[in-house]
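In what follows, a structure is listed as C-alpha coordinates, so that the remarks can point back to it.
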Amino acid sequence: MTKRIAIEAAHADYWYKYVGLEGRVIGMTTYGESAPAGDLFKHFGFTVENVVKQANELLG
(Lines give C-alpha, C1' and ligand atoms only; values in the text may rest on other atoms or scores of the structure.)
Protein backbone atom coordinates (compact mmCIF):
# COMPACT_ATOMS: atom_id res chain seq x y z
CA MET A 1 0.00 0.00 0.00
CA THR A 2 1.31 3.46 -0.89
CA LYS A 3 1.13 5.85 2.04
CA ARG A 4 0.44 9.44 1.07
CA ILE A 5 -0.45 12.69 2.79
CA ALA A 6 -1.60 15.82 0.98
CA ILE A 7 -1.46 19.19 2.70
CA GLU A 8 -3.59 21.86 1.06
CA ALA A 9 -4.23 25.29 2.56
CA ALA A 10 -7.36 25.57 0.44
CA HIS A 11 -10.19 23.19 -0.42
CA ALA A 12 -9.04 19.62 0.22
CA ASP A 13 -11.59 17.53 -1.72
CA TYR A 14 -9.60 17.14 -4.92
CA TRP A 15 -6.59 15.55 -3.20
CA TYR A 16 -8.37 12.33 -2.29
CA LYS A 17 -7.89 11.00 -5.81
CA TYR A 18 -4.11 11.28 -5.29
CA VAL A 19 -3.80 9.90 -1.76
CA GLY A 20 -6.33 7.09 -2.19
CA LEU A 21 -8.73 5.68 0.35
CA GLU A 22 -5.93 4.88 2.80
CA GLY A 23 -4.22 8.28 2.54
CA ARG A 24 -4.70 11.44 4.53
CA VAL A 25 -5.60 14.95 3.48
CA ILE A 26 -4.93 17.88 5.76
CA GLY A 27 -6.90 20.80 4.41
CA MET A 28 -9.83 23.12 4.74
CA THR A 29 -13.26 21.53 4.60
CA THR A 30 -15.35 24.69 4.82
CA TYR A 31 -15.44 28.05 3.11
CA GLY A 32 -15.46 31.54 4.53
CA GLU A 33 -13.54 31.10 7.75
CA SER A 34 -12.21 34.35 9.15
CA ALA A 35 -9.56 34.64 11.84
CA PRO A 36 -5.86 35.34 12.15
CA ALA A 37 -3.89 32.93 9.94
CA GLY A 38 -2.19 31.22 12.87
CA ASP A 39 -5.55 30.43 14.45
CA LEU A 40 -6.96 29.06 11.19
CA PHE A 41 -3.87 26.95 10.55
CA LYS A 42 -4.18 25.41 14.00
CA HIS A 43 -7.94 24.88 13.60
CA PHE A 44 -7.51 23.03 10.30
CA GLY A 45 -4.48 21.02 11.42
CA PHE A 46 -1.72 22.82 9.53
CA THR A 47 0.77 22.32 12.32
CA VAL A 48 4.01 20.38 12.46
CA GLU A 49 2.61 18.32 15.33
CA ASN A 50 -0.48 17.30 13.38
CA VAL A 51 1.40 16.47 10.18
CA VAL A 52 3.86 14.30 12.13
CA LYS A 53 0.98 12.63 13.99
CA GLN A 54 -0.83 11.84 10.74
CA ALA A 55 2.37 10.49 9.17
CA ASN A 56 3.11 8.30 12.18
CA GLU A 57 -0.43 6.90 12.10
CA LEU A 58 -0.04 6.03 8.44
CA LEU A 59 3.32 4.39 8.98
CA GLY A 60 2.32 2.63 12.20
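The values are calculated or read from the model by the stated rules, or taken from the named source; none is laboratory data. Worth saying up front: this structure is predicted, and the values here are computed from it rather than measured. Note that each Cβ is placed from the backbone with ideal geometry, even for glycine, and that neighbours are counted across all protein chains shown. Heads up: the accessible areas ignore ligands, DNA and RNA and are worked out on the full protein's heavy atoms, side chains in. Shrake-Rupley method; radii C 1.70, N 1.55, O 1.52, S 1.80 Å.
Points to keep in mind about this one:
- Under the condition of being open to solvent by 50 Å² or more (accessible area, probe 1.4 Å), outside any loop (DSSP other than H, G, I, E, B) and either among the small types (G, A, S) or closer than 17 Å to L58 by Cβ (or both), the residues counted in segment 9-44 number 7.
- Residue pairs whose Cβ atoms lie under 7 Å apart, separated by 6 or more positions or on different chains, with the first residue in segment 11-36 and of a type in the set (D, E) and the second assigned to a helix (DSSP H, G or I), are E33/L40.
- Scanning segment 45-60 for residues that are open to solvent by less than 50 Å² (accessible area, probe 1.4 Å) and among the polar types (S, T, N, Q) turns up T47, N50, Q54.
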